[in-house]
Amino acid sequence: MNLKDTFERRFPYLRLSITDVCNFRCLYCLPNGYKKTGNLEFLCIEEVIRLVRAFASLGVVKVRLTGGEPTIRKDLIDIVREIRKNTTIQKVAITTNGYRLKTDVEEFYNAGVTSLNVSIDSLNPIKFHEITGHNQLDSILAGLEKALKQGFDSIKINTVLLKQLNQDDIVLFFEWIKTVPYQVRFIELMETGLHKDFFKKNHLSADKIVTYLGDLEFIEKPREFSDGPARIFTHKNYQGSIGIIAPYAKDFCKTCNRLRITAKGHLRLCLFGDSSHDLRPYLQNDQDQQLLESTILDLLVLKKPMHNLHNNDVGLMSHLASLGG
């Protein structure tokens, strides 16, 4: 593992956005829908493979494809196949809003996707529609049932905690995982540049969930090498599990093990960092891989010990769709 910063954190995990475009209108992200800004020349397959191959050479074992909404890209399946065929990456995950899950989940699996993260912010169809702008909950749940039959390593549900919208739904998720083997990950709402007022009204500390987990006698699992920042809790009487992602918690950044690439090839050392480093010039020829790798290692020295969200500093993050969260 060559990817190590000055704080001895190692980075086996790459989050790669392949598009900024999203077709949902989630209130905490894109309430007015996606608006085009600048050109849409996202990384092509060849650039993606050169990028992933370099990160794999430096020790990355897991790549997560994000957006926007990654399934909007018509060549998503080809991207997955090429990563599995032409790099040493062991795990390829997709984070999706699930709108293509029912029709395409078998194709995802056959192409080489090893795990899925599906965003579901409410199990109440009316609230789901209010939050996302789409009446797709039944279709997404049907897609999850099909996913269970495919043999993915894991299926995780991403649920953003929203004080005014889904706080009362938390118990529904706990009831749900009694009988299904999903991992529901409760994610604290994070402040972004375009949604500061929404954040003030809807931020809900994950401490409430942690207390509830203790009351129900859930047990926290040790973190594995390529895991993200979630704390995972299990219970002997539940088929599923609970994950907690609490970016405002003390020492959250000490467990950081991921780097991020934007859909146009910029390295972001932190989701809420204030700098962006263009790697695209090094993605045009196979012969530039060594230069690309050395550039990544040089940039890693710039990674800071923690984000500055506690001081309401969101860095370059205007909205979460711009980098896949």
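The set of residues in the stretch 173-200 that are at pLDDT below 95 and more than 22 Å from the chain's Cα centre (by Cα) comprises ASP197, LYS200. Could you list, in sequence order, the residues of the stretch 148-178 that are out of contact with any strand residue (DSSP E or B) (no Cβ under 9 Å at 6 or more places or on another chain), touching a residue at least 40 places away in the same chain (Cβ under 8 Å) and more than 27 Å from PHE108 (Cβ to Cβ)? Within the stretch 148-178, LEU162, LYS163, LEU165 qualify. Filtering the stretch 69-115 to residues that are under 20 Å from ARG50 (Cβ atoms), among the acidic types (Asp, Glu) and assigned to a loop (DSSP other than H, G, I, E, B) leaves only ASP75.
Looking across the stretch 222-244, the residues that are modelled with pLDDT of 95 or more and closer than 27 Å to VAL60 by Cα come down to ILE232, PHE233, SER241, ILE242, GLY243, ILE244. Residues in the stretch 87-98: is at least one open to solvent by 20 Å² or more (accessible area, probe 1.4 Å), among the basic types (Lys, Arg) and touching a strand residue (DSSP E or B) at 6+ places or on another chain (Cβ under 8 Å)? Checking the stretch 87-98: at least one residue is open to solvent by 20 Å² or more (accessible area, probe 1.4 Å), among the basic types (Lys, Arg) and touching a strand residue (DSSP E or B) at 6+ places or on another chain (Cβ under 8 Å). Out of all the residues in the stretch 31-43, is one or more in contact with a Gly (Cβ under 9 Å, 6 or more places away or on another chain), among the acidic types (Asp, Glu) and within 30 Å of LEU302 (Cα to Cα)? No, there is no match, as no residue in the stretch 31-43 is in contact with a Gly (Cβ under 9 Å, 6 or more places away or on another chain), among the acidic types (Asp, Glu) and within 30 Å of LEU302 (Cα to Cα). Reported count of residues in the stretch 103-124, each being open to solvent by 50 Å² or more (accessible area, probe 1.4 Å) and under 20 Å from the mean Cα position of the chain (by Cα), is 1.
Take the conditions (1) within 24 Å of SER241 (Cα to Cα); (2) out of contact with any helix residue (DSSP H, G or I) (no Cβ under 7 Å at 6 or more places or on another chain); (3) crowded, with 22+ Cβ neighbours inside 10 Å; GLU69 misses just one of them, which is (1).
So, in the stretch 277-301, exactly how many residues are assigned to a helix (DSSP H, G or I) and either loosely packed, with under 15 Cβ neighbours inside 10 Å or of a type in the set (D, E, K, R) (or both)? Of the residues in the stretch 277-301, 11 are assigned to a helix (DSSP H, G or I) and either loosely packed, with under 15 Cβ neighbours inside 10 Å or of a type in the set (D, E, K, R) (or both).
Selection within the stretch 30-58: residues that are part of a loop (DSSP other than H, G, I, E, B) and at pLDDT 90 or above. The member of this set that is most open to solvent (accessible area, probe 1.4 Å) is GLU41.
Outside any helix (DSSP H, G or I), open to solvent by 20 Å² or more (accessible area, probe 1.4 Å) and within 30 Å of LEU194 (Cα to Cα), is that true of LYS127? For LYS127, the condition - outside any helix (DSSP H, G or I), open to solvent by 20 Å² or more (accessible area, probe 1.4 Å) and within 30 Å of LEU194 (Cα to Cα) - is not met.
The values are calculated or read from the model by the stated rules, or taken from the named source; none is laboratory data. What you see is a predicted model; the values in this text were computed from it and never measured. Cβ: placed from backbone, ideal geometry, glycine included. Neighbour counts: every protein chain shown. Note: areas computed on protein heavy atoms with side chains; ligands, DNA, RNA excluded. Shrake-Rupley method; radii C 1.70, N 1.55, O 1.52, S 1.80 Å.
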